[in-house]
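Please treat every number below as a calculation from the coordinates, not as lab data. Remember, it's a predicted structure, so these values are computed and weren't measured experimentally. Neighbour counts are summed over all protein chains in view; Cβ atoms, including those assigned to glycine, are modelled from backbone coordinates with ideal geometry.
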Amino acid sequence: MKRGLIAVTLSLLIISPAFAHYQMLLPSAASGQREQAVTVRYQWGHPFEHQLFDAPLPENTLAISPDGSRTDLSKALRKVEVPGEGDKKVTAFEFAFTPQKRGDYTFILKAPPIWIEEEKLFLHDSVKVVYHVQTQNGWDVATRQPFEIVPLTRPYGLQPGIVFQGQVLHEAKPLARALVEVERYSATPPKELPPDEQITRSLRSDPNGVLTSTLAEPGWWCITAQTDGGMRERDGKMYPVKRRATFWVFVDEKK
């Protein structure tokens, strides 16, 4: 029942169907030091336009350490308020994490299904990001999620204009011709917006499930693959579910 209410509420907050809406999982820095805490924020909305809406309570949140061990972070989540449309406060979530070892940590969050009124479908999303701690170890591992993007290009220490590649996996198998969308995150709302096609870029994975995209500017980029997620009931009717996997990549300032 609670998830149904979440879906209804969120559908009322999505202003423009032309804008792409994604799950955001953003560490306060792309890399850090062992035994030093990092704060990770979970937001929901339009990354490029920086239009944020109330984020639903995640179904689960976890961290995978360089040695493969897993830590459930669900109880570490803290509800916070962040500025939304028109400076209205909206709900987001944060957690603090202290890496005990050097290497690459993967944070994964799974959101509940969200009803999108304009498209008459549900979005069922998972989102992940790699946090780098001093040594390169573990950034390229599959995390055994039902639907995920596994990086083939190291997802940190990148320069603007880098060609990034990842592999789309569905039930641990490469997914050919998966639709993939790419969008950059704006820390504040842009004064002017480019045409829609310059905000959200689209591509397909190749026969081996490999996606390729140029990340032209510094900052956080979300790369989102999608596939059929079956059907789900709403108000006595069945509607399609779009399953999506988002992977966040950070590009450094050019020096």
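Tabulated data
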{"quantity": "Fluctuation leader among SER126, SER69, SER205 - the chain, Gaussian network, Cα springs under 10 angstrom", "calculated": "SER69"}
{"quantity": "Degrees between helix 2-13 axis and first principal axis of the chain (Cα, 0 to 90, nearest 10)", "calculated": "80"}
{"quantity": "Cα→Cβ-extended label distance, 7 Å offset, between LYS88 and THR214, nm", "calculated": "3.9"}
{"quantity": "Extension gain from ASN60 to ARG102, taking 0.36 nm per residue of separation minus the Cα-Cα distance", "calculated": "12.7 nm"}
{"quantity": "15 Å Cα-Cα reach of LYS254 towards aspartates and glutamates, excluding residues that sit fewer than 8 places from it in its own chain", "calculated": "GLU217"}
{"quantity": "Mean separation of Cα contacts under 8 Å, 6 or more apart, over the residue count of the chain: relative contact order %", "calculated": "19"}
{"quantity": "Fully extended contour minus Cα-Cα distance, from ASP252 to GLN165, at 0.36 nm per residue", "calculated": "29.6 nm"}
{"quantity": "Burial ordering of ARG177, ARG41, fewest other beta-carbon atoms within 10 Å first", "calculated": "ARG177, ARG41"}
{"quantity": "Packing-based exposure ordering (other Cβ within 10 Å, fewest first) of THR39, THR200", "calculated": "THR39, THR200"}
{"quantity": "Rh by Kirkwood over Cα pairs, then Stokes-Einstein D for segment 86-166 at 1.306 mPa s and 10 °C, µm²/s", "calculated": "102"}
{"quantity": "Residue order, fewest to most surrounding Cβ atoms within 10 angstrom, among LYS242, LYS191, LYS88", "calculated": "LYS191, LYS88, LYS242"}
{"quantity": "Theoretical ellipticity at 222 nm over the chain - DSSP helices of four or more residues, -39500 (n - 2.57) apiece, nearest 500", "calculated": "-1500 deg cm²/dmol"}
{"quantity": "Selection of GluC sites (Glu not before Pro), segment 110-177, meeting DSSP coil and at most 11 other Cβ within 10 Å", "calculated": "GLU118, GLU171"}
{"quantity": "Overall dimensions of the chain by Cα: Rg and Dmax, Å", "calculated": "17.4, 57"}
{"quantity": "Sites matching trypsin sites (Lys or Arg not before Pro) across segment 109-145 that sit in DSSP coil, with at most 14 neighbouring C-beta atoms within 10 Å", "calculated": "LYS120, ARG144"}
{"quantity": "Label point at THR227 placed 7 Å out along Cα→Cβ; residues across segment 175-202 whose backbone nitrogen lies under 13 Å", "calculated": "175-180"}
{"quantity": "Gain upon complete extension [GLN134, THR39; 0.36 nm per residue less C-alpha separation]", "calculated": "32.5 nm"}
